[in-house]
Amino acid sequence: MRYDVIVAGLGIHGLMTAYMLARRGLKVIGLDPYPVPHAHGSSHGQTRVHRRAYFEAPFYVPLLKRADDLWVELSREMVGTSFSLEEGARVQAGGGALLSRTGVLVIGRDDGRLASGALASAEQYRIHVKVLQAAEAMQLWPGLSIPEGHIAILEPLAGVLQVEPVMHRLLQLCEDSGAVCCPGAGLDRWQLDDNGITARAVGIEEVIEADRLVIAAGAWTAGLAGLDLPLRTERQYQVQFSSRNGSGYGAGIFPALAIDRGAEPMLYGIPDFGNGIKLAFHHGGQLGDPHDYPAVSDNEVRELHGVASKWLPWLLPEARASWTCVYTNTPDEHFIIDRHPATERVLLLSCCSGHGYKFAPVIGEIASQLLVDGGTQHDISQFRLSRFTGAVAR
Ligand SMILES: Cc1cc2nc3c(=O)[nH]c(=O)nc-3n(C[C@H](O)[C@H](O)[C@H](O)COP(=O)(O)OP(=O)(O)OC[C@H]3O[C@@H](n4cnc5c(N)ncnc54)[C@H](O)[C@@H]3O)c2cc1C
C-alpha cells in the first residue's frame, strides 16, 4: 500500500492534520493503537476551553485568530449549519453545540500572570475584553466569590469546544475526504529508504509505504520519533460537580473560568452542559507513564472541592464523574512543530503542554502547508526543535 502521508496518532492534532491533507487531495493513512476518541491520551474529557486573549504569550494570538476562523468553518462542515458571531455563538449539532461562546472569565490580581498576560494579548491584538472589579463580577454571577484585590477579565467570544463530538465528526470528515483511518492499528516501526518511508502497523499485514510521515502521537511522540526529546508526561484529573443552585453554573448563564492562585496551580472551570460544572487544576500533577495512572481518588476530589468551593460557594462536594488525562509538556510549555532532525520527510507535532486543543485546526493547516507547499505563512519560529539541546536522533 502506498500513500502520500502516514499520520501516526489520531488524537485531535493527527486527525486534524489527516483531514487537512485529505481535503487537499493527498492520499493519507491515519494510524492509532486505540479507538477515536479514547481515554489514554489527551483528546478526551468532554470539553476544552477556547480563548484568544492568551495569557500564556501574545505570539499565540495570530494562530488563535486563524484557529477561531477555522473552527467556525469546520463547524459548518461538521454539522452543515450556519454560524454567526453576532448571534452570540452557537454551532448547532443535532441539538448539541460543538463550539459554545460561553465567554471566559480570567480571575486574578491585576499584576498576576493571568490577568496581566490576558490584558497584554488583548491590547496588542485588539481582542474585545471587559475588565470587571470583584464586586461587579459577583453581581453578574452570584455563584462566584472573588476576594478583594482581584479583577475579572471577561472575553465574551471565548468559549468551550465539545471534544467527543468534534473527534467523531472529524473522523467522519477524514473518511469522507478519502483518508484511510485505522483506529486499533498503531505504528509499530518505520524506516527511511530511497523511496521515502516504509512502515509497519500492528494488525496490518502489508508494509505501508509513503512519501512522508507525521508523528502526532502525544505522550508517545519521542519514542516513535526515536529522539531524546525533553517531553514530560504529567497526570491530570478533572471532576464534575453539581451545584446546590440547580443550573446556577449552567453554560447558558455562566462562563468558563481560569483562576490565578499565584504560586499554586491555576484552577479552571467549564460551565455545566448537563453533567455538572467541570473543575481541575492546571499542572501540579505527578509525572509518569499514562498507562500507569491511578483513577481519581476521594482525596483528590476533596482537595479540588475544598479549593474550588472558596470561589464557587454553590458547589456540592460529591463528584458526579471524574477521569484522568495526560499533559505532554515541553520545558517552556510551547509546542513542537518541526521536521525530524534526521529527515525532512518526517514532521513532528507535539502541541500539548495542556493548552493545545483550541489550536487544532491551525496546527492541521500548518502541517498540511509544510508537507504540501514546503512552508507556511504562520509564524512557527517559537516551536522549533533546535531550542532543545538534547533533540538529537538516537
Ligand atoms: C485534562 C486536560 C485538559 C485540557 N484542557 C485544555 C483546554 O481547556 N484547552 C486547550 O486548548 N487544550 C487543553 N488541553 C490540551 C489538549 O487536550 C491537548 O493539547 C491535545 O488533546 C493534544 O492532542 P494530541 O493529538 O497531540 O495528543 P493525543 O490526544 O494524546 O493523541 C495522540 C495519539 O497518538 C496515539 N499513539 C500512541 N502511540 C501510537 C503509535 N505507536 N502509533 C500511532 N498512534 C499512536 C495515541 O493513542 C493518541 O490517540 C487539555 C488536556 C488535558 C489532558
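No lab work stands behind these numbers, since they all come straight from the coordinates. None of these values were measured; they are calculated from a predicted model. Reconstructed Cβ throughout: ideal geometry from the backbone, glycine too, with neighbour counts over all protein chains shown.
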Ranked output for segments 98-108, 196-206 by mean other Cβ atoms within 10 Å, highest leading, reads 98-108, 196-206
Note on region 190-239: the mean projected area of its alpha-carbon convex hull, in nm², is 5.3 nm²
Other residues with Cβ under 14 Å from the Cβ of Glu73 give, with Lys and Arg +1 and Asp and Glu -1, a net charge of +1
Filtered pair list for the chain (Lys only, Cα < 21 Å, 8 or more apart or interchain) has a length of 4
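Ratio of alpha-carbon Rg to the 2.2 N^0.38 Å globular estimate for region 1-87, to two decimals, please.
Rg over 2.2 N^0.38 Å, computed on Cα atoms: 1.28.
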Projected convex hull area of region 9-55, Cα atoms, direction-averaged, in nm², equals 4.6 nm²
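Taking a quarter of the surface of the Cα convex hull of the chain, what do you get in nm²?
Answer in nm², one decimal: 18.7.
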Tilt, helix 163-176 to longest principal axis of the chain (alpha-carbon atoms), in degrees rounded to tens, equals 30 degrees
Per the Cα gyration tensor, region 134-243 corresponds to an equivalent ellipsoid with semi-axes, largest first in Å, of 45, 19, 14
In degrees rounded to 10, the 0-90 angle between helix 61-79 Cα long axis and the longest Cα principal axis of the chain is 80 degrees
Region 206-356, Kirkwood Rh and Cα Rg, ratio Rg/Rh at 1.08
Output ordering of 16-22, 294-300, 39-45, 214-220 (per-residue mean of other Cβ within 10 Å, highest first) is 16-22, 214-220, 39-45, 294-300
Answer in debye to the nearest 20: the dipole magnitude of the chain about its Cα centre, from +1 Lys/Arg and -1 Asp/Glu charges placed on Cβ, is 440 debye
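How much net charge surrounds Glu155 when only the other residues with a Cβ under 9 Å from the Cβ of Glu155 are counted, with Lys and Arg +1 and Asp and Glu -1? Don't skip to the answer; put the middle values down first.
On the way: positive: Arg51, Arg52, Lys130; negative: none.
Once all neighbours under 9 Å are counted, the net charge is +3.
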Charge tally for neighbours of Thr324 with beta carbon under 13 Å away, counting Lys, Arg as +1 and Asp, Glu as -1, is -3
Projecting the Cα atoms of Gly226, Ala185, Val166 onto the charge dipole of region 159-251, where Lys and Arg contribute +1 and Asp and Glu -1 at Cβ, the residue farthest towards the positive end is Val166
Once both label points are put 7 Å beyond Cα along the C-beta direction, the His168-Gln133 separation in nm becomes 4.7 nm
Given the candidates Ala280, Gly374, Gly14, the one whose Cα lies deepest towards the positive end of the charge dipole of the chain, counting +1 at each Lys or Arg C-beta and -1 at each Asp or Glu C-beta, is Ala280
Once Glu205 and Asp176 are pulled to full extension, the length gained, defined as 0.36 nm per residue separation minus their Cα-Cα distance, is 8.0 nm
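Report the extension gain between Arg339 and Asp298 in nm, rounded to one decimal, defined as 0.36 nm multiplied by the number of residues separating them, less their alpha carbon distance.
Taking Arg339 through Asp298 to full extension adds about 10.4 nm, to one decimal.
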